[in-house]
Structure formats: structure tokens, C-alpha cells
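Written below as C-alpha cells is the structure these notes are about.
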Amino acid sequence: MSLLSISAMRTSIGQYAILHDITLEVPEGGVFVLLGRNGAGKTTTLRSIMGLWRPSPGSIRLRGQDITGLHTADIARKGIAYVPENMGIFGGRTVAENMVLATRKGQFDATRLKRVHSLFPALEQFWTKQAWSLSGGQKQMLSVARAIIEPRDLILIDEPTKGLAPAIVDAMAEAFREIAETTTILLVEQNFNFARSLGRDMAVIEDGRIAHAGRMDAFAADTGLQDRLLGLS
């Protein structure tokens, strides 16, 4: 059984239909990459899974359990975390306060906090600093750290490398590899080199529809398909 199953999902925003019959199977473990050109529907897919926009019709199942139409907070309690493109951190709060707000009971599990600090040492260094004062890369680290401070089955991550320096991108890749050993990641990413270095499975969205799905290694080897679907050459 797939960890996440999406069947015939349609999502409209106002009068505009964005997603058309999205069907997708995300296996448990590793990194599943969702690729596509700007405006193809990648972010809408993540937001629909998270209940921020409600699909109709269609179904979303986590470990076989229907979560379609649940409120976002209830979906989070089922074991899904969301790292949005805008990072979703509180700039006026310290790093520590941001992390506390991401816990369910307002307190840390010491083992998980130690793991977060090992993945993102800068956060421990700037623990008492307000989040607005962090660099772009450090803010992204904080956003991901908030998603893993509690046990999760699945993390949805939207465009984590956007605007980041190459050294930070490399550090983020290493962190994602370690996270994916215990938690499945559904990653939306425009940086194809970053995506193919992490992804085991992948799919391409084109005009709100799944245009291709399969193994990342096969897609990475097919330059003609990359050019047709993503405009890569």
C-alpha cells in the first residue's frame, strides 16, 4: 500500500479549475519529487493535500485512511507536515519560540531536538535570535526543523532551494537525505539537479494534470522527455 494515494483529484480556486483529475501514488520512504513548469499546479497539489484548498471531487488517502475534506489541523495530527514556499515562520519570535510553537504540547522531546540541532547546527547557534534576523538559508532550515520536531509520516516541502546559495543547497540536500531515512518527503522543486540528486520516484504536472510518473533515475536519463515536459536542454 502506498503511503499517500490521490485519486481523480480536482481543485478549483474561485471560478478557475487548477487541478484536473490528479492521480498519484507516493510510496513510503525516501523522497518523491513533484516537477513541473511555473503555474503547472504543484503548489496547489500540496495545499490540497494539506486541506488548505479543498478538492472536489477526488480523494486523498494516508495509509488507506480517507483524509479528504479534513481540516488542516486534523490532517497535521494524522502525521503530515507542510513546509510552504514562504517558509511559514514567525519573524518576530525567536528560533526557540518558533520551535516550541511547532510542538503539540509546548515542549520538546530531547532526542528529537538533538537530532534537529545535528541536522541544522546554525539553529542551535542562533537559538535566542529572532527569526527575522536569520539569513534566507537559516530561515529555510528553521522552517524544515519545525516540520520534523514532532514525529511525522510525510513532509510536504515546497521549493526549499529557491534563492539559496549553492553551499546552503548542498547542506539542505544532506539534511533531506537523512530525514528521508525515517520520514517520507514529497518535494516540489524547480532545481532539477537538486531534485534528481534526492528523488527516488517522481511525477511531472503539466497544466494541472499528471503528464508523467516513474523512477527518477529513468527520467534523469531521458533528456528528450525532460525537454518536452520541463523545457530543460
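Just so you know, all these numbers are worked out from the coordinates, no wet-lab data involved. Computed from a predicted structure; not experimentally measured. Here the Cβ positions follow ideal geometry from the backbone for every residue, glycine too, while neighbour counts run over all protein chains shown.
See the values below:
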read-out	value
Long-range lysine pairs (8 or more apart or interchain), the chain, Cα under 30 Å	16
Gained length - Gln65 relative to Ser118, 0.36 nm times residue gap less alpha-carbon distance	15.7 nm
Sequence ranges 115-128, 75-88, ranked by mean other-Cβ count within 10 angstrom, highest first	75-88, 115-128
Estimated dipole of the chain in Debye, rounded to 20 [Cβ of Lys and Arg +1, of Asp and Glu -1, Cα centre]	600
Most to least packed among 47-55, 159-167 [average Cβ atoms within 10 Å]	47-55, 159-167
Full-extension gain in nm, Ser197 to Ala96, via 0.36 nm per residue minus C-alpha separation	33.2 nm
Furthest towards positive pole of dipole, Val95, Leu164, Ala175, structure part region 63-175, Cβ charges	Val95
P(r) of the chain over all Cα-Cα pairs, binned every 10 Å from zero, in whole percent	8, 33, 36, 20, 3, 0
Per DSSP, loop GluC sites (Glu not before Pro) in region 177-233 with at most 10 further Cβ within 10 Å	Glu181
Label-point separation, Ser7 to Ala73 (7 Å along Cα→Cβ), nm	3.0
Inter-centroid distance (Cα atoms) of region 1-19 relative to region 73-152, Å	28
Extension gain, Gln125 back to Arg37 (0.36 nm per residue minus Cα-Cα distance, nm)	28.0 nm
GNM top mover of Gln15, Gln190, Gln130 - the chain, alpha-carbon springs below 10 Å	Gln15
Helical contribution to [θ] at 222 nm, DSSP H n ≥ 4, -39,500 (n - 2.57), averaged over the chain, rounded to 500	-10000 deg cm²/dmol
